[in-house]
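Peer 1: I have a structure here, written as structure tokens, and I will follow up with some questions on it.
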């Protein structure tokens, strides 16, 4: 959030807002490709198109929202600074956008156990980091207006409204708060916080706006195991030459692990997030 400004966080986006954002991003953000591999198609019995947002600026789709938000606040000289809460990718995107716009200071609140690569890359963009223990700290108290969880699927839901495309959100095993909430029609927290390599997907409860948008548009959700995520990371590297972090590979993991054969149909998989520690990447790529 920016100092001295109140933001209407809970305004539900619509197609017009997406078109305005697209115009705002043109010429600043990269147009990431849709990639296809015949071996993967054969494995899944249809076409699988990988939307390579891991190639976006700062390595994830988060750069889109960060730039659209900060560039809409007016003259950077009138902004007293920016603070954001992030597991890593959003923080890096905010730091990048703020630096490009000349906004300072930038402070990012990051879980102390987030991958070192994310800490280092946030600092590389000139931001200061304040760490916290995500298992014990009340994140709502850290930033009272923080709304997290469901942003990517919510944005996709709005963009895909009035089409015949089915949208599936994917969560790590044990963090199925969005899926359970969508089924119940109300926001439900996670029942426990088990260990998982998907560090970017550990929201304890769906965000108010993310849940509302996904529920209104009929988004469905599935979970994927860490083992499937590791396989998906390896496939993305092998078939496409992409470095993708666990949270970015989880959509492909769900397709490999949970979904029935495509039967000649087409699936679009968003692979967002290239910020993975080298040790985990090497472990995944060298496993049998």
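Peer 1: Would you calculate, for the chain, the mean residue ellipticity at 222 nm contributed by helices, counting each DSSP H stretch of 4 or more residues as -39,500 (n - 2.57) and dividing by all residues, to the nearest 500?
Peer 2: Estimated from H runs of four or more residues: -11500 deg cm²/dmol.
Peer 1: Could you compute the FRET efficiency for residue 278 and residue 123, with r as their C-beta to C-beta distance and R0 at 22 Å, rounded to 0.05?
Peer 2: 0.85
Peer 1: To continue, here is another question. Please arrange 233, 83 by how many other C-beta atoms lie within 10 Å of their C-beta, fewest to most.
Peer 2: 83, 233
Peer 1: Moving to a separate point now. For a quick check: sort 128, 164 by the number of other beta carbons within 10 angstrom, fewest at the front.
Peer 2: Exposure proxy ranking, most exposed first: 164, 128.
Peer 1: Please arrange 196, 131, 278, 136 by how many other C-beta atoms lie within 10 Å of their C-beta, fewest to most.
Peer 2: 136, 278, 131, 196
Peer 1: Quick check: residue separation of residue 28 and residue 47 times 0.36 nm, minus the Cα distance between them. What number comes out in nm?
Peer 2: Length difference between fully extended and current span is 3.8 nm.
Peer 1: Which three extents, in angstrom, do the Cα atoms of the range 63-142 have along their principal axes, listed largest first?
Peer 2: On the principal axes, the range 63-142 reaches 37, 26, 20 Å in Cα extent.
Peer 1: So how tilted is helix 226-240 from the main axis of the chain? Cα-based, degrees 0 to 90, rounded to 10.
Peer 2: 90
Peer 1: Another one. Given a Förster distance of 30 Å, report the FRET efficiency between residue 16 and residue 285 from their Cβ-Cβ distance, rounded to the nearest 0.05.
Peer 2: Given R0 = 30 Å and the Cβ-Cβ separation, E is 0.10.
Peer 1: Taking the 0 to 90 degree range and rounding to the nearest ten, how far is the long axis of helix 89-101 tilted relative to the main principal axis of the chain, both from C-alpha atoms?
Peer 2: The two axes meet at around 50 degrees.
Peer 1: Can you work out the FRET efficiency for the pair residue 37 and residue 75, with r the C-beta to C-beta distance and R0 = 41 Å, to the nearest 0.05?
Peer 2: 0.35
Peer 1: Beta carbons within 10 angstrom, averaged per residue: use that to sort the peptides 57-68, 152-163, highest first.
Peer 2: Those peptides, ordered most packed to least, come out 57-68, 152-163.
Peer 1: Now for a separate question. Using every pair of alpha-carbon atoms in the range 169-251, split the distances into 5 Å bins beginning at 0 and state the percent of pairs per bin, rounded to integers.
Peer 2: Reading the bins upward from 0: 3, 16, 25, 21, 16, 11, 7, 2, 0.
Peer 1: If you average the alpha carbon positions of the range 50-108 and of the range 274-288, how far apart do those two centres end up, in angstrom?
Peer 2: With the range 50-108 and the range 274-288 each reduced to a Cα centre, they are spaced 26 Å.
Peer 1: Another one. Based on DSSP, what percent of beta bridges with both residues in the range 63-142 are antiparallel, to the nearest 5?
Peer 2: 0
Values in this text are rule-based calculations from the coordinates and carry no lab data. What you see is a predicted model, and the numbers here were worked out from it, not measured in a lab. Cβ coordinates were reconstructed from backbone atoms using ideal geometry, including for glycine residues, and neighbour counts include every protein chain displayed.
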